[in-house]
Amino acid sequence: MNNVTLPAPKALTFSLLRLLGDGEFHSGEVLAQRLGVSRASVNNALHGMGQYGLTLHSVRGRGYCLVAAPQWLDAARVQELLGAQAGEFHIEIGDHAPSSNSLLLQRAAQHAASGSVLALEWQSSGRGRLGRSWHSGLGNALTFSLLWRFECGLSGLSGLSLAAGVALIRALRQCGVHSARLKWPNDVLGPDAAGARGGKLAGILIEAQGDMLGPSAVVIGVGLNLRMPQQVLQHIAQPVTSLAQMTEAMPERNLLLALLLRELAIVLREFERHGFAGLRAEWESYHLYQNQEVQLLLPDGRDVRGIVRGVTAEGALLLETPGSAQLQVFNAGEISMRSAANAAA
């Protein structure tokens with residue numbers, strides 16, 4: 001997703017937004033007194049909230065009112081919702097940072113524990129695959145990273161991004177979202193506002209440290225669209241969708257994070273034992289383009305068309321191409337895939 005560089009909101013801004021979370025009008029004077037700052041500081045801290053996807057009304061004589069306030073993340077609440085699995089995770093919630101993946105990778109190099117989780121209310125430089133940026137508003141997405149340590153080396157991690165996709169689909173189905181599908185190698189898609197398939201709902205970014213023979217540390221970054229305000233949509237150049245467009249009963253953010261972490265832990269333990277092979281059939285059953293014609297855009301500028309016939313036990317794409325007696329194998333790398341029908345259009 002294309003990102004627009006925005007200044008990081010101030011700590012005061014987050015404090016004020018939480019005070020405005022009841023949806024009522026609050027005078028600038030009362031807010032200033034509550035936080036021990038000037039009214040001018042309150043005004044400056046709340047200026048330009050629309051660019052972050054928030055609707056904030058300012059009315060002379062009444063004060064400020066935040067419409068549809070974010071559901072703030074709470075580490076203790078997530079731990080409670082994890083139940084018996086709470087001990088597997090070390091959860092930290094931050095207001096903002098450039099990238100949860102980058103920060104957790106730094107901590108991994110400093111021996112952070114497996115199961116460390118960093119979730120952010122807003123990222124200024126969220127990253128996706130192929131060097132793309134991830135763009136979301138404040139509180140209308142779920143962006144987090146999970147550190148997981150493996151005894152195997154980097155060579156044993158093939159297919160991990162696909163395995164993580166299986167975990168996301170499982171969690172979404174527990175929330176009643178059954179229309180989400182996977183796109184090789186690491187996107188989650190759903191119907192867009194017009195009902196057409198192919199809108200990006202979530203992305204997965206895998207970054208690893210370690211040796212080829214082991215051990216290794218992996219940071220799994222997830223960005224999931226909950227709502228897509230028009231202020232955010234105008235900065236995005238690709239088809240997108242959100243959970244709000246796919247379900248009438250939006251899951252609470254803390255519950256959704258707990259479900260995602262729970263399913264990721266289950267999948268990662270299975271991956272440790274059997275690699276991606278044990279998840280291969282399930283992944284193929286979720287793949288939007290299974291047995292459909294697609295176009296692959298290769299790093300050298302060439303494009304290849306063919307019919308998707310699944311993936312290998314290592315997560316590589318199997319493509320049936322015209323004139324070839326055998327299925328061609330494509331590894332993720334710098335390859336981009338799209339529906340051949342959309343490409344033709």
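Values quoted throughout were computed directly from the atomic coordinates according to the rules given, and no laboratory measurement underlies them. Computed from a prediction, not measured in an experiment: that's the story for all the values here. Because the Cβ atoms are built from the backbone with ideal geometry, glycine has one as well, and the counts that use them run over all protein chains shown.
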- Message: Would the chain count as rounded, prolate or oblate if I go by the C-alpha gyration tensor, calling it rounded below 1.5 in a/c and otherwise prolate when a/b exceeds b/c, oblate otherwise?
- Response: prolate
- Most fluctuating residue of F330, F89, F276 in a GNM of the chain with Cα springs under 10 Å: which is it? F330
- Query: Counting alpha carbon pairs within less than 8 Å and at least 6 residues apart, what relative contact order, in whole percent, applies to segment 45-122?
  - Reply: 25
- Dipole of the chain (Lys/Arg Cβ +1, Asp/Glu Cβ -1, origin at the Cα centre): which of G278, G310, L120 lies farthest to the positive side? L120
- Most fluctuating of E24, E207, E270 in the GNM of the chain (C-alpha, under 10 Å) is E24
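What order, most packed first, do the peptides 156-167, 242-253 have when packing is the mean number of other Cβ atoms within 10 Å of each residue? Before the final figure, lay out each step's value.
Working: 156-167: 23.9, 242-253: 17.2.
For the peptides 156-167, 242-253, the packing ranking is 156-167, 242-253.
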- Note on the structure: Per the Cα gyration tensor, segment 293-344 corresponds to an equivalent ellipsoid with semi-axes, largest first in Å, of 16, 14, 10
- How far, in degrees from 0 to 90, does helix 253-274 lean away from the longest principal axis of the Cα atoms of the chain, to the nearest 10? 30
- With the dipole of the chain worked out from charges on the C-beta (+1 for Lys and Arg, -1 for Asp and Glu) around the Cα centre, which of A249, A164, L31 lies farthest toward the positive end? L31
- Task: Could you quote the convex hull projected area for segment 146-192, Cα atoms only and averaged over all directions, in nm²?
- Result: 4.1
- Compute the projected area of the convex hull of the Cα atoms of segment 269-328, averaged over all viewing directions, and report it in nm² to one decimal place. 5.0
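Have a look at the DSSP beta bridges in the chain and tell me what percent are antiparallel, nearest 5.
Rounded to the nearest five, the antiparallel share is 85 percent.
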- Expressed as a rounded percentage, what relative contact order does segment 11-67 have, with Cα pairs under 8 Å and six or more residues apart? 43
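Under a Cβ-only charge scheme (Lys and Arg +1, Asp and Glu -1), can you give me the dipole magnitude of segment 11-67 about the Cα centre, in debye to the nearest 20?
100
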- Restricting attention to segment 283-345, which GluC sites (Glu not before Pro) occupy a DSSP loop and are surrounded by at most 13 other Cβ atoms within 10 Å? E334
- In nm, give the distance between the simple-model label positions of H96 and L19, each being 7 Å from the Cα along the Cα-to-Cβ direction. 1.8
- Item | Net dipole in debye of the chain [+1 Lys, Arg Cβ; -1 Asp, Glu Cβ; about Cα centre; nearest 20] | 600
